[in-house]
Each structure stands twice: as structure tokens, then as C-alpha cells.
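Engineer: Structure in C-alpha cells, see below.
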Amino acid sequence: MRRMETSSSVPTALTIAGSDSGGGAGIQADLNTFSYHRVHGTTALTAITAQNTRGVTRVDVMPAAAVAAQMDAVAEDLGVGAVKTGMLVNAEIISIVAWRLKALKLGSLVVDPVMVSRAGARLIDDSAVGALKQHLLPLADIVTPNRHEAELLAGMELRTLDDMKEAARRIHQLGPRAVLVKGGGMAGELRGLDVWFDGERMETLFLRAVKTQNTHGTGCTLSAAIAAGLALGHDAREATRRAKEFVTAALEHPLPLGQGHGPFSHFSPLSRPT
């Protein structure tokens, strides 16, 4: 695991993602998650969305050079113990983010691929998918695709646990050190069951199913919690285990906000992190 020491004893993480005006996902969810874990959060904004619990009404994309400049500004002064990527929008931004990650030699990288929503809506085009595979995944310590993203990356349908395991193997061949295929979009008993594969160890991770429609920001929060754990010095497997516990418990504390798929509490009464 790579780690860059910051200028103080405070662990620092960088999120490279889009803004969610409703506050449930994206940069906002990442910063809330970092704060809960007592990790200082820094940002490189890729897009500004106008959205609420019912949907997205507008997306304004940042210039790729502006994304790179934000990364440079953070790295040259604050140091970065871990990085997570979220919504990267297009091939140009993905390519420049990968270039700066290599040049700046930042901390451990968590890639939330943000290609397809949990409901199955495609979020990026084919050129962006290609850039993600070619430039970003080989740099990742952990990649965290949902069901539909795993299908796209692995080139297969996921219906069974064996399918999830095979997809994890195929995605691992694209270059990341570890893969977490998330089961939130799976049906029946597989819902909420995740598959971890690091090239040697294949495991299923499951705590308990939580019935709630307030799931907005789940993927962002999980990847941010993993990044926080890495910044705190945990290894990838332990950071992932703790992150899953955090998200599962947070889902049990939905917030009574909005008329659609609302957020959950990032500050629910969990045990104090270490």
C-alpha cells in the first residue's frame, strides 16, 4: 500500500468527483465520510450537478485542465494519504486524472467507476469506458463496481454468485490490485453481498440486508470510507471491511428528506473509528 505522509499528523484524503447539490452523494458524501473518520478531506471537482432526491436536472462539466490544477494544488502543499475517484464524466478527464496521479505519486487509490447507476442507467460513453480500463484501473489499489458496472467491465451478465466471482477475476486482469464487486443491485439473497478478489483471496462479504429506499450516495460513501481507512493506515482488506460496516450501519439511519431516493446519515451513532 502506498502512502504519502502529510505535513502534519492529520491523515488527508483527496476525492476527485462531482458535486451533488442535494448533498447525498458525490463530493458532499465523500467529505462527510472523511470527516466522520477524522480524515481531512480535499477535493478536485469534475462536474457540478443540479439534483435532488428525485433526479438530476443539469450537469456542467469542469475543464480537464481545471481538474488537474486542483489535484496539483492539493498535492504540492497538503500531501495526500489516499485518493478516491468518483464521477469523472469523460475520457479527457479520466486520462488527465490518470496522468496526474502517476506524476504526483499520491497515496493509495480507490476507483469507484461511476459508469452505470444502480438502476442500470448508463452514465458515460464508450470512449470514457475505454479510457477508464486503459489508464485508470491499472493504477487502482481497489476498484468498487456495482452490478451493472461489473457487467460492463467484465463483459458478462451477473445473475449468480459464481457470475460475481468470475467478473471479479476478469476485472482484476485489467490491472487493479483488488476488486470489490458490490451486490446492492443483485436480486434475492445476493442483494447486499459483495465479492472481494485480490488475485489470491476470493471472499464474500455480507453483514445484513437493510430495507430502505434512502440509498442515494451508497457507492460514493463506501469508496470514500475505504479511502479514509487507507489514509488511516489500514490495509486494503481491513479498510474495505470497516467501510462496509460503516455503510451498512448508516443505511439503518435514513434521513427524512425529499420525495424520492433520499440520503442516509453519515453521522449515525456508530462506534468511534480507530
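Engineer: Going by what's in this entry, would Pro138 be described as at negative phi, at pLDDT 95 or above and not in a helix (DSSP H, G or I)?
Structural biologist: no
Engineer: Moving on. Can you work out which of the residues in segment 12-31 that are under 15 Å from Ala231 (Cβ atoms) and either modelled with pLDDT under 95 or polar (S, T, N, Q) (or both) is surrounded by the most Cβ atoms within 10 Å (Cβ to Cβ)?
Structural biologist: It comes out as Thr15.
Engineer: Taking the residues in segment 247-267 that are without any contact (Cβ under 8 Å) to a residue 24 or more places away in the chain and not in a helix (DSSP H, G or I) as candidates, determine which candidate is farthest from Glu203 (Cα to Cα).
Structural biologist: Pro256
Engineer: Let me ask something additional. In the list Ser95, Ser127, which residue meets the criterion of being surrounded by fewer than 21 Cβ atoms within 10 Å (Cβ to Cβ), out of contact with any Ser or Thr (no Cβ under 8 Å at 6 or more places or on another chain) and modelled with pLDDT of 95 or more? Before you say what the answer is, go through the steps one by one.
Structural biologist: On the way: Ser127 fails: modelled with pLDDT of 95 or more.
Result: Ser95 is the single residue among Ser95, Ser127 that is surrounded by fewer than 21 Cβ atoms within 10 Å (Cβ to Cβ), out of contact with any Ser or Thr (no Cβ under 8 Å at 6 or more places or on another chain) and modelled with pLDDT of 95 or more.
Engineer: For the condition open to solvent by 10 Å² or more (accessible area, probe 1.4 Å) and either aromatic (Phe, Trp, Tyr) or touching a residue at least 12 places away in the same chain (Cβ under 8 Å) (or both), what is the one hit in Gly79, Gly55? Step through it out loud before you land on a result.
Structural biologist: Working: Gly79 fails: open to solvent by 10 Å² or more (accessible area, probe 1.4 Å).
Residue meeting the stated conditions: Gly55.
Engineer: Looking at segment 230-246, I want the residues that are polar (S, T, N, Q) and have a partner that is open to solvent by 50 Å² or more (accessible area, probe 1.4 Å) with Cβ atoms under 9 Å, at least 6 apart or on another chain. Which pairs are those?
Structural biologist: Short answer, once both residue conditions are applied: none.
Engineer: For a quick check of your reading of the model, give me the residue pairs whose first member lies in segment 215-228 and is on the phi > 0 side of the Ramachandran plot, whose second is buried (at least 24 other Cβ atoms within 10 Å of the Cβ) and aromatic (Phe, Trp, Tyr), with beta-carbon atoms closer than 9 Å and at least 6 apart or on different chains.
Structural biologist: Gly217/Phe264
Engineer: Restricting to segment 145-173, count the residues that are open to solvent by 50 Å² or more (accessible area, probe 1.4 Å), within 20 Å of the chain's Cα centre (by Cα) and at pLDDT 95 or above.
Structural biologist: 4
Yes/no per residue for (1) without any contact (Cβ under 8 Å) to a residue 24 or more places away in the chain; (2) closer than 24 Å to Asp60 by Cα; (3) assigned to a helix (DSSP H, G or I):
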{"site": "Val89", "(1), (2), (3)": "no, yes, no"}
{"site": "Ile94", "(1), (2), (3)": "no, yes, yes"}
{"site": "Leu109", "(1), (2), (3)": "no, no, no"}
{"site": "Ala128", "(1), (2), (3)": "no, yes, yes"}
{"site": "His148", "(1), (2), (3)": "no, no, yes"}
{"site": "Met156", "(1), (2), (3)": "yes, no, no"}
{"site": "Met164", "(1), (2), (3)": "no, no, yes"}
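The values are calculated or read from the model by the stated rules, or taken from the named source; none is laboratory data. This is a predicted model, so every value here is computed, not measured. Reconstructed Cβ throughout: ideal geometry from the backbone, glycine too, with neighbour counts over all protein chains shown. Keep in mind that these areas ignore ligands, DNA and RNA; they rest on the heavy atoms of the full protein, side chains included. Shrake-Rupley method; radii C 1.70, N 1.55, O 1.52, S 1.80 Å.
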